[in-house]
1. Checking Arg235 against (1) crowded, with 20+ Cβ neighbours inside 10 Å; (2) modelled with pLDDT of 95 or more, which test does it fail?
2. Inside the range 131-153, can you point out the residues that are over 20 Å from Arg83 (Cα atoms) and surrounded by 22 or more Cβ atoms within 10 Å (Cβ to Cβ)?
3. Could you pull out every one of the helices (runs of 4 or more DSSP H) wholly within the range 164-257 that has 1 or more residues that are farther than 18 Å from Phe142 by Cβ?
4. What are the residue pairs meeting all of these: first residue in the range 182-205, first residue of a type in the set (Phe, Trp, Tyr), second residue part of a loop (DSSP other than H, G, I, E, B) and surrounded by 11 or more Cβ atoms within 10 Å (Cβ to Cβ), Cβ atoms under 6 Å, and 6 or more apart or on different chains?
5. Specify which of the listed residues (Arg191, Arg170, Arg160) is basic (Lys, Arg) and surrounded by fewer than 21 Cβ atoms within 10 Å (Cβ to Cβ).
6. Identify, from the list Trp40, Trp5, the residue that is surrounded by 14 or more Cβ atoms within 10 Å (Cβ to Cβ) and touching a Gly at 6+ places or on another chain (Cβ under 6 Å).
7. Would you call Thr150 in a helix (DSSP H, G or I), in the same structural domain as Met226 (by TED's automatic domain parsing) and touching a Ser or Thr at 6+ places or on another chain (Cβ under 6 Å)?
8. Within the bounds of the range 53-72, is there any residue that is farther than 30 Å from Pro217 by Cβ and surrounded by 14 or more Cβ atoms within 10 Å (Cβ to Cβ)?
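The values are calculated or read from the model by the stated rules, or taken from the named source; none is laboratory data. Computed from a predicted structure; not experimentally measured. All Cβ positions, even for glycine, are placed from backbone atoms using ideal geometry, and neighbour counts span all protein chains on display.
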Amino acid sequence: PGELWEVLARPSQRLRAGTMVILPGGEQVVMERLVGEGRWIVSVPRSTSGVSLMERYGRLPLPPYIKTYAARASAYQTVYARRPGSAAAPTAGLHFTRALLSRLETAGVRRVYVTLHVGLDTFQPIREPVVEQHAIHQEDFFVTAAAIKTLREVRKTGGRVVAVGTTSARVLETLAQQETLFAEDKVGDLRGSTSIYITPGYRFRAVDVLLTNLHLPRSTVLAMTMAFAGVERLRAAYAEAVALRYRFFSFGDAMLIESLTVGPLTRGGEGPGGAHA
């Protein structure tokens, strides 16, 4: 056998372990075993690669509320995406065009990039009666030494850190929790995995402002947003969004939230020259 890949296969109930699937170009893959709802381990022959097959025949796993694949798949990508690996787009970043990024740079906003490979479990709703009982998923992240240096400089000079999306916030708060973001003796690129679960009551240490979309109910990203904004404050904002018919979810409107819970030792001032991640 060649490479082993974990894939989504639909309709999964028609498949069995050992089934050989012939792709449109004649390539053959074998369904090795079912590992979760719709998730299979498949073996790819040595004569080809999983990456090439994915690029030719794979389909982007869009959120369930997006029904028109062809019209949406190309739009479901940020202009600054570089590293492949996510199962979902960081949708707060979809609001940014290259022209807008240029205008922000001209205005003196420093910009750094962090990578979080968003997992499929980001689509899983919270089914437990108590939010904190939900089993949070794990995701891989990567942050360059240059990005960390810029974030430290912004914090030192009284600037604010604006996280674009809960994905960026998850990375930054993970690094703050690990004492690596603002520790001067920590140098070099940082990579790892995070299973941080941010719910109301969490005290943010790295993010001063959050740009995020309007989220699905009973989602982990909504729980994080409530933790950042405050539960009642966010409920009031969502009620207004519904009344004014704002658009929700991936291709909807965004909100810019200033935190009420940033830790006193790391909160930046209100001066200019912030960075967004």
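1. (1)
2. Selection gives Leu151 alone.
3. Result: 220-229, 231-243.
4. Tyr197/Ile136; Phe204/Ser259; Phe204/Thr261
5. After ruling out the rest, the residue left standing is Arg191.
6. Trp5 is the lone residue from the list that is surrounded by 14 or more Cβ atoms within 10 Å (Cβ to Cβ) and touching a Gly at 6+ places or on another chain (Cβ under 6 Å).
7. No, not satisfied.
8. Looking for residues that are farther than 30 Å from Pro217 by Cβ and surrounded by 14 or more Cβ atoms within 10 Å (Cβ to Cβ), one finds at least one in the range 53-72, hence yes.
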